[in-house]
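First up is the structure itself, then whatever we jot down about it.
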């Protein structure tokens with residue numbers, strides 16, 4: 001497009017996409033976002049990108065947003081295989097950032113346990129044991145560390161509601 005008034009010639013919406021059913025909209029969305037991610041995030045653009053800090057910042061923001069969304073979806077589905085993929089990706093991210101090297105070590109340790117150090121049965125238990133499901137149903141899982149935080153919060157609230165001057169004899 002040469003001006004704002006001109007109509008787009010590339011990457012136009014499909015005809016009547018607004019009136020299409022949910023599956024058609026989802027497939028169009030997946031295709032459009034997939035093409036965008038393939039082109040700008042995974043492949044990048046040819047040329048010298050070192051000088052275009054705005055584009056580098058935008059691409060980094062998009063990439064990290066997609067990583068976070070992927071991790072949230074993995075947790076809600078309770079998918080141990082995808083979680084292992086996320087851990088491998090996070091290992092490279094944390095390793096590239098010098099200040100987060102302790103997290104890279106933890107990711108490496110977790111991956112090594114799952115893939116090498118544990119027996120097959122223990123490895124599967126460890127891989128699939130990162131999530132809990134309190135509500136039941138598909139897509140209702142939460143991370144185990146969040147479960148621990150909730151339990152700690154509830155325990156503290158119980159103690160706070162006991163009132164002052166409570167001891168073992170007060171029960």
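Highest GNM mean-square fluctuation among 70, 87, 121, for the chain modelled with Cα contacts below 10 Å: 121.
Considering only 15, 27, 76, the mean-square fluctuation computed in a Gaussian network model of the chain, springs between alpha carbons under 10 angstrom, is largest for 15. The largest-to-smallest principal axis extents of the Cα set in the chain are 81, 42, 37 Å. Subtracting the Cα-Cα distance of residue 23 and residue 39 from their residue separation scaled by 0.36 nm leaves 3.4 nm. Fully extending the segment from residue 159 to residue 108, taken as 0.36 nm per residue of separation minus the present Cα-Cα distance, adds 14.5 nm.
The ratio of the alpha-carbon radius of gyration of region 99-171 to the globular-protein estimate 2.2 N^0.38 Å is 1.67. In the elastic network of the chain, a GNM with C-alpha springs shorter than 10 Å, the most mobile of 111, 93, 150 is 150.
Read-outs: derived from the displayed coordinates by stated rules, not from any lab. Keep in mind that what you see is a predicted model, and the values were worked out from it rather than measured.
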